[in-house]
Amino acid sequence: MLNLMKSLLISARGRIIAGLVAIVLVFTHLNMQRDGAFAQVILNEWVGLWLRVIIIFSFGYFIDYIYRIKVTNERNKEVYSSLFEHNPDASYSIDLLGHFKEVNTATSRITGYSKEELLNKSFLPIIAPEEKGRVFAYFKRVLNGESVIFDSKSFINREKEEPLI
């Protein structure tokens, strides 16, 4: 029942239904207050009634807003994962100690290590000796909080034991 209510409130149609429910509440309230020819409603009761109507509409918009954020975040994660995994170049993330935390298929193919073998392994052993100093200098700059973009095309493949440039 709760999921049905959420799905109704998320859509524009759901907000219209919430509005109709609020109107039904108003007329029900008026009919309960009727004491003869005409409805006599005290101002405080009207204020309370309209506050309930506003809360119903606000709840619908709030659920809609949260749902849109959730959908957007899920979509962004899917796009990032797809770009990361299907990138033909080696893409990886490393922690503050220089250990791999995430690697794509290309990194595995280029280095000759499986993804599982690379995870929690230091990145330095797979960098060609002539590139280690430059790559490590960039790594230290990032550790110091600097935003750095660099490209290193020199990995050592474990099967060939030579730099892949």
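The values are calculated or read from the model by the stated rules, or taken from the named source; none is laboratory data. All values reported here derive from a predicted model rather than from experimental measurement. Using ideal geometry, Cβ is built from the backbone for each residue, glycine included, and neighbour counts are taken over all protein chains shown.
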Please identify the pairs in which a residue from region 145-156 that is surrounded by 10 or more Cβ atoms within 10 Å (Cβ to Cβ) has its Cβ atom under 6 Å from the Cβ atom of a residue that is among the hydroxyl-bearing types (S, T, Y), counting only partners at least 6 apart or on another chain. V148/Y138; F150/Y138; F155/T111
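In region 105-152, which residues are of a type in the set (K, R) and not in a helix (DSSP H, G or I)? Break it down into steps so the answer makes sense when it comes.
Filtering region 105-152 down to residues of a type in the set (K, R) leaves 109, 115, 121, 132, 134, 140-141.
Within region 105-152, K121 is the sole residue that qualifies.
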List every residue pair whose Cβ atoms lie under 7 Å apart, where the two residues are 6 or more positions apart in sequence or sit on different chains, the first residue falls within region 81-109 and is in contact (Cβ under 8 Å) with a residue 24 or more places away in the chain, and the second residue, located anywhere, is β-branched (V, I, T). A90/T107; A90/I110; Y92/V103; Y92/T107
In region 101-113, what count of residues is obtained for those that are farther than 18 Å from S81 by Cβ and touching a helix residue (DSSP H, G or I) at 6+ places or on another chain (Cβ under 6 Å)? 1
Checklist (1) modelled with pLDDT under 85; (2) of a type in the set (K, R); (3) in the same structural domain as I156 (by TED's automatic domain parsing) applied to K121, failing item: (1)
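Has region 57-66 got at least one residue that is loosely packed, with under 11 Cβ neighbours inside 10 Å and either at pLDDT 65 or above or part of a helix (DSSP H, G or I) (or both)?
Our first condition is that a residue be loosely packed, with under 11 Cβ neighbours inside 10 Å; within region 57-66, this holds for none.
No, that holds for no residue.
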Go through region 73-104 residue by residue and tally those that are closer than 19 Å to I149 by Cα and outside any strand (DSSP E or B). 13
